[in-house]
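Structure first, commentary second.
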Amino acid sequence: MTDKKIKANSSAIQKRLIPTYIFLTIVSIFSVFPLFWMVTAATNLSVDVSRGKIWFGTHLVENFNNLVANTNLWKSFGNSLLYSTVQTLLCIFICSLAGYGFELYHDKGKDLLFAILLMAMMIPGVATMIPLFTMMSRLHLLNTVWGFALPAISTPFMIMMFRQNSRNFPPDIMEAARIDGLSEFWIFFRMYMPVMKSTYAAAAVITFMNAWNSYMWPRVVMTDNRAQTMPMLIANLAGGYTIDYGMLMMGVLFCSLPTMIVFFVLQRQFTEGITGSVK
């Protein structure tokens with residue numbers, strides 16, 4: 001009787017979950033459809049996309065060749081890759097160092113300083129663009145990787161993320177390392193960084209995606225077409241008098257691939273880092 005009751009309860013629960021599964025399936029379809037349409041549009045001619053064709057075509061190679069022939073694709077791709085990589089490496093190093101210090105070293109004024117830092121999150125980014133542009137211009141950093149990366153190498157969100165996850169860092173490790181004679185500098189590199197690798201992976205994914213997809217700041221600081229990024233290239237394709245939608249969607253697809261690759265490669269570590277896991 002017990003087994004029958006368990007099976008009956010399980011069956012009843014599954015029946016009650018049917019509407020939930022149906023709802024989630026519908027939501028998933030609506031979520032995935034834009035990505036599917038982007039891929040199919042990249043394989044069709046512009047006239048087919050304009051007519052609303054949503055199935056695969058046979059013009060993928062043609063659209064890619066047109067994209068390469070009519071734009072400076074590889075230069076823009078290389079710029080985006082360089083800028084995003086430099087910004088990601090600098091950001092996760094500086095923000096992790098700040099989060100490590102805020103959480104694991106005790107000082108009376110650190111909470112006040114951290115509160116001021118969090119208040120900076122309420123300032124809109126566009127409000128600081130003119131002062132930042134003036135600063136970069138005077139430092140002769142326009143159209144350079146440093147002009148792109150420096151304003152974003154330290155963000156309150158990333159510092160807060162590392163500080164919160166640093167609470168899971170075992171303080172006994174620091175004490176043992178100090179007893180063994182390890183300096184504070186090497187404790188960070190040899191103890192903290194390996195233990196917090198999941199947080200670093202999550203921060204790297206978020207920072208790289210933000211840097212790769214950044215449009216407004218590069219549009220301001222990159223005044224030379226040779227320094228343009230992939231989002232700027234896509235915007236130029238969409239801003240012409242006549243738009244080749246097949247070539248445009250091929251550019252969007254090509255621009256989306258690096259962030260997809262980074263996310264799927266670091267997906268497991270990203271989940272662990274967001275949930276605050278420590279390895």
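The values are calculated or read from the model by the stated rules, or taken from the named source; none is laboratory data. Just so you know, these numbers come straight off a predicted model, no measurement behind them. FYI the Cβ positions are ideal-geometry reconstructions off the backbone, even for glycines, and counts take in every protein chain you see.
Rundown of residues vs (1) farther than 21 Å from Ala69 by Cβ; (2) within 21 Å of the chain's Cα centre (by Cα); (3) modelled with pLDDT of 85 or more; (4) of a type outside the set (S, T, N, Q), yes/no style:
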residue	(1), (2), (3), (4)
Ala235	no, yes, yes, yes
Ala238	no, no, no, yes
Tyr241	no, no, no, yes
Leu248	no, no, yes, yes
Leu253	no, yes, yes, yes
Met260	yes, yes, yes, yes
Gln269	yes, yes, no, no
Glu272	yes, yes, no, yes
For this session: For the stretch 73-82, state whether one or more residues are over 30 Å from Val221 (Cα atoms), in contact with a Phe, Trp or Tyr (Cβ under 9 Å, 6 or more places away or on another chain) and at pLDDT 80 or above.
Result: no
Problem set entry | Residue in the stretch 46-67 that is surrounded by fewer than 15 Cβ atoms within 10 Å (Cβ to Cβ) and either under 30 Å from Tyr200 (Cβ atoms) or touching a Cys at 6+ places or on another chain (Cβ under 7 Å) (or both) present | no
Exercise. Got a number for residues in the stretch 118-143 being surrounded by 13 or more Cβ atoms within 10 Å (Cβ to Cβ) and under 15 Å from Arg219 (Cα atoms)?
Worked result: 9
Exercise. Residues in the stretch 151-193 that are in contact (Cβ under 8 Å) with a residue 12 or more places away in the chain and farther than 30 Å from Met135 by Cα: how many?
Worked result: 17
For this session: Looking only at the stretch 103-143, count how many residues are farther than 22 Å from Arg167 by Cα, in a loop (DSSP other than H, G, I, E, B) and more than 21 Å from the chain's Cα centre (by Cα).
Result: 5
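With respect to Phe114, determine if the residue is surrounded by fewer than 17 Cβ atoms within 10 Å (Cβ to Cβ) and either within 25 Å of Ser256 (Cβ to Cβ) or touching a residue at least 40 places away in the same chain (Cβ under 8 Å) (or both).
no
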Problem set entry | Within the stretch 76-102, considering residues that are more than 15 Å from the chain's Cα centre (by Cα) and free of Cβ contacts under 8 Å to residues at least 24 places away in the same chain, the one farthest from Phe189 (Cα to Cα) | Gly78
